[in-house]
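Here's the structure we're looking at; comments come further down.
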Amino acid sequence: MTQHAQTTQRSQATQRSQAKEERRVALLSAAAGLFAENGFARVSLEDLGAAAGVSGPAVYRHFPGKQAVLGELLLSVSRELQDGGLKVVAEAGNALAALEGLVAFHVDFALRNPDVIRVQDRDFGSLSEADQAEVRALQRGYVETWVDVLKEVHPGSDPAELRVRAHAAFGLINSTPHSVRQHGRKIAVKSARPVLERMALAALTVGTPAG
């Protein structure tokens, strides 16, 4: 085989790989919307394929079944949160800057992924046991990233209290985009972002109670 033929073959293989990854991403995006709107149990593989522009059986080229689609959807965002949180902290100059960065990062995530957040809340129990365990482990790691930063912001505080603070901030940030959307109003990202960031930071930085 000539060098030109080898180069052409590699280029074609790369294009096929890119096209496959694009279809996979399209399936996950379609799954997020369909699962959020209808619930995992009421969505078929045919529904997923149609929403992503492929046939139902073609979904099996990317995932072994519908449960695997749900698993990859929730695992991928859990990995995104954990990896992104660690990166924010690593690049921050001090604890307060790290906390501000984490809040901005999570607000951006919530505004971009309201459907995924709803799926996580409602359909987590439909994951396989193995995927449930892995998602929980990833999410615990993400929470602890926040807690480690909060320990520096509030030295001497009980870590259990700091976990409550972190979860409360997640609840505020995660629920707002979905609740606004649910009431039929298109959320304005530019206006929502600073409000969410200020409110979350206020809750996370307010002084701990005496005694």
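Given the options Val43, Val153, Tyr142, identify the residue whose Cα lies farthest towards the positive end of the charge dipole of the stretch 18-154 (+1 on Cβ of Lys, Arg; -1 on Cβ of Asp, Glu).
Positive-end residue among those listed: Val43.
From the square roots a ≥ b ≥ c of the eigenvalues of the alpha-carbon gyration tensor of the stretch 30-128, which class results: rounded (a/c under 1.5), prolate (a/b over b/c), or oblate?
Prolate shape, in that a/c is at least 1.5 and a/b is the bigger ratio.
With a 1.4 Å probe and all protein chains kept in place, how do His62, His167 rank by accessible area, largest first? Walk me through the intermediate numbers first.
Numbers: His62 40, His167 105 Å².
Putting His62, His167 in descending order of accessible area: His167, His62.
Which of rounded, prolate or oblate describes the stretch 114-164 when judged by the alpha-carbon gyration tensor and an a/c cut-off of 1.5? Could you put the intermediate results ahead of the total?
Values: a/c = 3.35, a/b = 2.32, b/c = 1.44.
It is prolate, given that a/c is not under 1.5 and a/b is the larger ratio.
The values are calculated or read from the model by the stated rules, or taken from the named source; none is laboratory data. Since the structure is predicted, the reported quantities are computational estimates derived from the model, not experimental observations. Here Cβ is always computed from backbone atoms with ideal geometry, including for glycine, and neighbour counts include all displayed protein chains. With ligands, DNA and RNA removed, areas are computed over all heavy atoms of the protein, side chains included. Shrake-Rupley method; radii C 1.70, N 1.55, O 1.52, S 1.80 Å.
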